[in-house]
Amino acid sequence: MSVVPVQLCLSGKEVTDVRVRPGGQWVSGVVSEPGLHGAVSRLCMWSVAHHDVVVDLLVDPLPMAGRGLSGGVHCWDLEGRRVFITTAKEGIVEVALVDDVPARQHSLAFDPTRNWSTPSIDYTQSSVYAIADWCEMWKCTLDG
């Protein structure tokens, strides 16, 4: 049995940038599908134990869809309490979870006019790194 329901891959829906949330109980990914004014996407996570349980982590601002060899568009912190996602209009957004539900979100200090990919948090969980415009690495120090 698959974790991501096959229905998500039908009717033009696409699931990209799939990650296992630390702890192994959830799998996250970006779901993209056709909309009235172009493709729309959202960051979701699916329960490994209960395949019908889906949590929308970020819908607005619009998450970037996965882009093949770019290195990804989202990452988890080491405890699985926060996820960092590149967006179309606000750079990189941090989403904090409480009891497996998004509790708050805010934009990090990454220039929203640039094209970001490959976010990664360091092992001390004090900084997020990302690639700007496929050519430069940038760092954002997280607030304690």
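Structure summary
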quantity: Residue within segment 44-54 that is within 25 Å of T141 (Cα to Cα) and either part of a strand (DSSP E or B) or of a type in the set (V, I, T) (or both) present; calculated: no
quantity: Hey, V95 modelled with pLDDT of 95 or more, among the β-branched types (V, I, T), touching a Pro at 6+ places or on another chain (Cβ under 7 Å) and not in a loop (DSSP other than H, G, I, E, B) or not; calculated: yes
quantity: Count of segment 114-130 residues which are part of a strand (DSSP E or B), over 14 Å from the mean Cα position of the chain (by Cα) and β-branched (V, I, T); calculated: 0
quantity: Some residue of segment 44-57 being in contact with a strand residue (DSSP E or B) (Cβ under 7 Å, 6 or more places away or on another chain), at pLDDT 95 or above and not hydrophobic (A, V, I, L, M, F, W, C); calculated: yes
quantity: Residue tally, condition under 12 Å from the mean Cα position of the chain (by Cα) and within 22 Å of A103 (Cα to Cα), over segment 10-59; calculated: 18
quantity: Residues that are more than 18 Å from A65 (Cα to Cα) and either small (G, A, S) or surrounded by fewer than 17 Cβ atoms within 10 Å (Cβ to Cβ) (or both), drawn from segment 82-113; calculated: A96, V98, D99, D100, V101, A103, R104, H106, A109, D111
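The values are calculated or read from the model by the stated rules, or taken from the named source; none is laboratory data. What you see is a predicted model, and the numbers here were worked out from it, not measured in a lab. FYI the Cβ positions are ideal-geometry reconstructions off the backbone, even for glycines, and counts take in every protein chain you see.
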